[in-house]
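Single-structure report; data block below.
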Amino acid sequence: MTASLKVRSAAALLIGVGLLLLPLYSSVSGNIFVLTLFTRIAILALAAVSLNLIMGYGGMMSFGHAAYLGIGGYAVGILAHEGIGSGFIQWPVALAAAALFALVVGALSLRTRGVYFIMITLAFAQMAYYIASGLARYGGDDGLTIYKRSDFGGLINLSGRVQFYYLCLACLFGSIYLVWRIINSRFGLVVQGLRSNERRMEAIGFPANRYRLACFVIAGTMCGLAGALLANNTDFVSPAAMYWTRSGDLMVMVILGGMGSMFGPVIGAIVFLVLEELLSQVTEYWALIMGPLLLLIVLFGRGGIMGLLGRFSRG
Amino acid sequence: MLLVVEQFLNGLQFGLLLFLLAAGLTLVFGIMDFVNLAHGSLYMMGAYFAATFVAWTGNFIIGALLALGATLLLGIVLEFVALRHLYGRDHLDHVLATFGLILFFNDAVRLIWGPAGLALPLPGWLTVPIQIMPGVYYPAYRLAIITVALAVALMLYLVVMRTRVGMLIRAGASNREMIGALGININLLFTLVFGLGASLAGLAGLMQAPILTVQIGMGENILILAFVIIVIGGIGSIRGAFLAAIFVGMIDTLGRAFLPDLLRQMLSSTAASTAAPALSSMLIYLVMAIVLVVRPEGLFPASRR
């Protein structure tokens, strides 16, 4: 077990250092594309990390996590559209909006369990999707172009490619640290206890749904941050960001990397998005390979890539 | 009045179509405890098979029957090769694996049939309007859908309620382990149920095909609707799926037809025309959320576990 833990920590460390040094490689080799790709990866990895908090540790299988991505994005986009360009206003609003949505969705959804929970979170995300499609003033179906990225005064310039990359990376590492602190805290242990045996935890005297709801809102807020970053990255936000297939993508990243492991979602996001990129360069029909690959991973690689790493080191 | 009757029938037709899709899904879900996101892909494949076979044979009925057989076969192969190894696993594994299958099927279709949609032309005898009431005409094809779907629903009811296989299916839905322990060949039963679900999805796809275009991704929107239905109806319950399907079909169709006018009376006409489509698309999800909040196990839960 310690050997497998070592291998996994080493893999996480290696990837962390690699991510930090990426701009260096990009400027030396002149390969700008790799930087834009990994900016996107860092943002979606942040979303996956937040999903892992509720899915991996809390046992709450949310199939509507992309909604927060869209809400964070729309908060930035709508404020920018209305002439409020300051990031000091845009971002807190994005986080608050995501948190509020998570609070409402969580409070209603947590009455259900299992597959019903999967479906009700999906339903709320679809509602958010259709609301966004109906926002005629903000582009409706076609989406909303953001002409100016969030303005943080002289603090940081989001239009600078490298600066923006490091901002995304900082948010990602910050969120991983936050998740680590949460799951090792008393609160986090309660949430994990609820995943293992709800009835027993309630018998001890923990109000199950209050703990779950708090965890759900934290994850939603974190994903709202990812949404604000994503909108700034693409200079565009559209209802498609909330469509259920995007929620599916996030789920795939988490499961692929290894659910309930601290760094797994990051690896999952990297593998999923890099594979998508590489395969789409080889063939237009990349999903023809990606699809069966996912099937094989599920069939033979239980516990995702992190699980494989652990088993590999144990021999 | 005329419009109301027509929209009412449209809602019924759409609801019955959704039932075909949801019936397979709820059986697979209720009996194998398997979440099959690729059910929508089978629906899509049914439509593509039908468009191809009808063009080949030049006969709508023969083409449709061939397509039905092809989807049945595809479902059985799929179950045998991949999905049966996933029973008993976590629901999330099912979601991931079948999500992969969706990706695969979409691109496979793009490779074989090309990115452009196909059309499935109707034979002449199905395109004429039929007088159903004095002065009310309704397209023959939509009536045919209603008839076929009702017949299938009745047949399904008889098979499930009156035959030995149906008894096993019901037993499987309420207690999987027990019927295995009683010496029933559970693998065969599962393959059979999956094939049945696949061909029902294929039937829904090929019947919907002449009304909409046959295109990539057509299964994804309707899959979510089918999931909504089985959740509202209660997982594993065919009766629940039937009632919920009709209900959802009606709400969706009537909402789309009459909500814009209703809103126009309350809001300015521009606000109404932008809000109405979004609101009517949302309506079903709203209903599902309300149902789940009030009855967390759906309206007609098949079994208490």
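The values are calculated or read from the model by the stated rules, or taken from the named source; none is laboratory data. Remember, it's a predicted structure, so these values are computed and weren't measured experimentally. Reconstructed Cβ throughout: ideal geometry from the backbone, glycine too, with neighbour counts over all protein chains shown.
So which of B:256, B:239 is within 21 Å of the chain's Cα centre (by Cα), within 30 Å of residue B:159 (Cβ to Cβ) and either surrounded by fewer than 23 Cβ atoms within 10 Å (Cβ to Cβ) or more than 9 Å from chain A (Cβ to nearest Cβ) (or both)? Among B:256, B:239, only B:239 is within 21 Å of the chain's Cα centre (by Cα), within 30 Å of residue B:159 (Cβ to Cβ) and either surrounded by fewer than 23 Cβ atoms within 10 Å (Cβ to Cβ) or more than 9 Å from chain A (Cβ to nearest Cβ) (or both).
Looking only at residues of segment B:74-109 that are more than 10 Å from every other protein chain (Cβ to nearest Cβ) and out of contact with any helix residue (DSSP H, G or I) (no Cβ under 8 Å at 6 or more places or on another chain), we find that the one that is modelled with the lowest pLDDT is B:88. Identify, please: which residue in segment B:124-150 is among the aromatic types (Phe, Trp, Tyr) and under 26 Å from the mean Cα position of the chain (by Cα) and is, among those, nearest to residue B:4 (Cα to Cα)? Out of the qualifying residues, it is B:138. When B:147, B:98, B:163 are checked against the criterion of being surrounded by 19 or more Cβ atoms within 10 Å (Cβ to Cβ), of a type in the set (Ser, Thr, Tyr) and closer than 25 Å to residue B:238 by Cα, B:98 stands alone in meeting it. Scanning segment A:11-36 for residues that are of a type in the set (Val, Ile, Thr) and either assigned to a loop (DSSP other than H, G, I, E, B) or in contact (Cβ under 8 Å) with a residue 40 or more places away in the chain (or both) yields a count of 3. Scanning segment B:246-278 for residues that are in contact (Cβ under 8 Å) with a residue 24 or more places away in the chain, in contact with a Phe, Trp or Tyr (Cβ under 8 Å, 6 or more places away or on another chain) and among the hydrophobic types (A, V, I, L, M, F, W, C) yields a count of 3. Within segment B:76-94, can one find any residue that is small (Gly, Ala, Ser) and surrounded by 23 or more Cβ atoms within 10 Å (Cβ to Cβ)? Taking every residue of segment B:76-94 in turn, none turns out to be small (Gly, Ala, Ser) and surrounded by 23 or more Cβ atoms within 10 Å (Cβ to Cβ). Considering only residues of segment A:257-293 that are at the interface with another protein chain (Cβ under 10 Å from one of its Cβ atoms), modelled with pLDDT under 85 and buried (at least 21 other Cβ atoms within 10 Å of the Cβ), which is farthest from residue B:83 (Cα to Cα)? Looking at residues that are at the interface with another protein chain (Cβ under 10 Å from one of its Cβ atoms), modelled with pLDDT under 85 and buried (at least 21 other Cβ atoms within 10 Å of the Cβ), I get A:259.
Is there a residue in segment B:114-127 that is among the polar types (S, T, N, Q) and in contact (Cβ under 8 Å) with a residue 40 or more places away in the chain? No, that holds for no residue. Residue B:131 fulfils the conditions (1) assigned to a helix (DSSP H, G or I); (2) more than 14 Å from every other protein chain (Cβ to nearest Cβ) except for a single criterion, (1). Evaluate the following for residue A:117: is it at the interface with chain B (Cβ under 7 Å from one of its Cβ atoms) and either of a type outside the set (Ser, Thr, Tyr) or farther than 19 Å from residue B:282 by Cβ (or both)? Here the answer is no, as residue A:117 does not meet what is asked. Within the option set A:220, A:260, A:193, A:291, being touching a residue at least 24 places away in the same chain (Cβ under 8 Å) and assigned to a helix (DSSP H, G or I) holds for one residue only, A:220. Taking helices (runs of 4 or more DSSP H) as the structural unit, those lying wholly within segment A:66-145 and holding at least 2 residues that are at pLDDT 95 or above correspond to A:66-81, A:87-109. Checked against (1) surrounded by fewer than 17 Cβ atoms within 10 Å (Cβ to Cβ); (2) closer than 30 Å to residue B:36 by Cβ; (3) touching a residue at least 24 places away in the same chain (Cβ under 8 Å), residue A:113 meets all criteria but (3). Here residue B:38 qualifies as within 14 Å of chain A (Cβ to nearest Cβ), within 17 Å of residue B:221 (Cβ to Cβ), crowded, with 24+ Cβ neighbours inside 10 Å and touching a Ser or Thr at 6+ places or on another chain (Cβ under 8 Å).
Scanning segment B:251-305 for residues that are of a type in the set (D, E, K, R) and assigned to a loop (DSSP other than H, G, I, E, B) returns B:295, B:297, B:304, B:305.
Of the set (1) surrounded by 17 or more Cβ atoms within 10 Å (Cβ to Cβ); (2) assigned to a helix (DSSP H, G or I); (3) more than 14 Å from chain A (Cβ to nearest Cβ), all apply to residue B:120 but (2).
Here is a yes/no grid of residues against (1) within 15 Å of the chain's Cα centre (by Cα); (2) closer than 30 Å to residue A:245 by Cβ; (3) among the aromatic types (Phe, Trp, Tyr):
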| position | (1), (2), (3) |
| --- | --- |
| B:163 | no, no, no |
| B:191 | no, yes, no |
| B:195 | yes, yes, no |
| B:207 | yes, yes, no |
| B:217 | yes, yes, no |
| B:223 | yes, yes, no |
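Residues of segment B:74-98 that are over 20 Å from residue A:288 (Cβ atoms) and more than 20 Å from the chain's Cα centre (by Cα): B:80, B:84, B:85, B:86, B:87, B:88, B:89, B:90, B:91, B:92, B:93.
For residue A:49, the requirement of being over 30 Å from residue B:228 (Cβ atoms) and assigned to a helix (DSSP H, G or I) is not met.
Of the residues making up segment A:123-167, those that are within 22 Å of the chain's Cα centre (by Cα), more than 7 Å from chain B (Cβ to nearest Cβ) and not hydroxyl-bearing (Ser, Thr, Tyr) number 13. When you scan segment A:31-41, do you find a residue that is closer than 19 Å to residue A:261 by Cα and either buried (at least 24 other Cβ atoms within 10 Å of the Cβ) or at pLDDT 90 or above (or both), even just one? So far as segment A:31-41 goes, yes, one or more of its residues are closer than 19 Å to residue A:261 by Cα and either buried (at least 24 other Cβ atoms within 10 Å of the Cβ) or at pLDDT 90 or above (or both). Which of the residues that make up segment B:263-305 are of a type outside the set (Gly, Ala, Ser), at the interface with chain A (Cβ under 9 Å from one of its Cβ atoms), more than 17 Å from residue A:117 (Cβ to Cβ) and more than 23 Å from the chain's Cα centre (by Cα)? Hits for segment B:263-305 are B:270, B:274.
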